Amino acid sequence: ATGTIYDPLNATLRMGPNTSILLVDFDDNAPNSVSVYTDALDQLGYTYTVLTANPSVAQLAAANLVIWFTGDSTSSAAFNSTAETRLTTYLNNGGALILSSENYFTFSGGTVNTFMSNYLGVGAVVNNVNHTTLVGTGPFT
């Protein structure tokens with residue numbers, strides 16, 4: 001591939017009053033968690049668009065920030081290789097992503113794939129261990 005490669009450990013997002021936010025709601029309403037995101041964004045005064053399908057390249061390109069959440073969905077359609085391909089282009093072109101997905105590792109066949117390692121900064125995953133805390137690395141400590 002040519003062009004800029006996204007660096008998840010050195011990404012910066014500066015949000016202002018005109019930040020374009022795309023919420024991708026793939027939680028299958030199990031539970032329906034969209035209000036957690038919309039309530040927070042409303043309280044902060046941000047405008048956003050909610051989408052309940054895989055966004056197109058054009059929809060992604062129009063957003064400064066994509067917040068993609070799958071809740072407890074067990075559908076592999078919630079975050080798949082099509083999404084990874086589109087998000088790769090989006091992130092390489094300066095986009096920003098927040099991904100919250102309980103089952104993404106499972107959707108990906110139970111292995112850390114290229115998108116996870118190169119774009120999300122994932123080095124390893126331990127599945128279903130009932131952790132109640134998350135500790136980051138690099139700037140996320």
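Is there a residue in the range 9-22 that is over 16 Å from the mean Cα position of the chain (by Cα), hydroxyl-bearing (Ser, Thr, Tyr) and either part of a strand (DSSP E or B) or over 19 Å from residue 92 (Cα atoms) (or both)? Checked against the condition, which is being over 16 Å from the mean Cα position of the chain (by Cα), hydroxyl-bearing (Ser, Thr, Tyr) and either part of a strand (DSSP E or B) or over 19 Å from residue 92 (Cα atoms) (or both), the range 9-22 yields no hits at all.
The residues of the range 70-114 that are of a type in the set (Ser, Thr, Tyr), at pLDDT 80 or above and either in contact with a Pro (Cβ under 9 Å, 6 or more places away or on another chain) or assigned to a helix (DSSP H, G or I) (or both), listed by number, are 81, 82, 85, 88, 89, 90, 104, 106, 114.
Of all the numbered requirements in (1) touching a residue at least 24 places away in the same chain (Cβ under 8 Å); (2) surrounded by fewer than 18 Cβ atoms within 10 Å (Cβ to Cβ), residue 58 misses one, and that requirement is (1).
Within the range 61-75, the set of residues being within 14 Å of the chain's Cα centre (by Cα) and open to solvent by 40 Å² or more (accessible area, probe 1.4 Å) comprises just one member, 64.
Pairs are defined by a Cβ separation below 8 Å, a sequence spacing of at least 6 or placement on different chains, a first member in the range 115-134 that is at pLDDT below 80, and a second member that is open to solvent by less than 70 Å² (accessible area, probe 1.4 Å); the pairs so defined are 127/105; 127/110. Every condition in (1) hydrophobic (A, V, I, L, M, F, W, C); (2) over 18 Å from residue 34 (Cβ atoms); (3) open to solvent by 30 Å² or more (accessible area, probe 1.4 Å) is met by residue 116 except one, and the failing one is (3).
Looking at 36, 50, which is the one that is open to solvent by 80 Å² or more (accessible area, probe 1.4 Å), farther than 19 Å from residue 113 by Cβ, hydrophobic (A, V, I, L, M, F, W, C) and not in a loop (DSSP other than H, G, I, E, B)?
Working: 50 fails: open to solvent by 80 Å² or more (accessible area, probe 1.4 Å).
Only one candidate qualifies: 36.
Quick check, is residue 45 of a type outside the set (Phe, Trp, Tyr), closer than 23 Å to residue 126 by Cα and either touching a Leu at 6+ places or on another chain (Cβ under 8 Å) or loosely packed, with under 13 Cβ neighbours inside 10 Å (or both)?
no
For residue 66, the stated conditions hold: it is touching a residue at least 40 places away in the same chain (Cβ under 8 Å), touching a Gly at 6+ places or on another chain (Cβ under 9 Å) and not in a loop (DSSP other than H, G, I, E, B).
The values are calculated or read from the model by the stated rules, or taken from the named source; none is laboratory data. If you're wondering where the values come from, they're calculated on a predicted model, not measured in any experiment. With ideal geometry, Cβ positions are generated from the backbone for all residues, glycine too; neighbour counts draw on all protein chains shown. Side chains included, ligands, DNA and RNA excluded: accessible areas come from the protein's heavy atoms. Shrake-Rupley method; radii C 1.70, N 1.55, O 1.52, S 1.80 Å.
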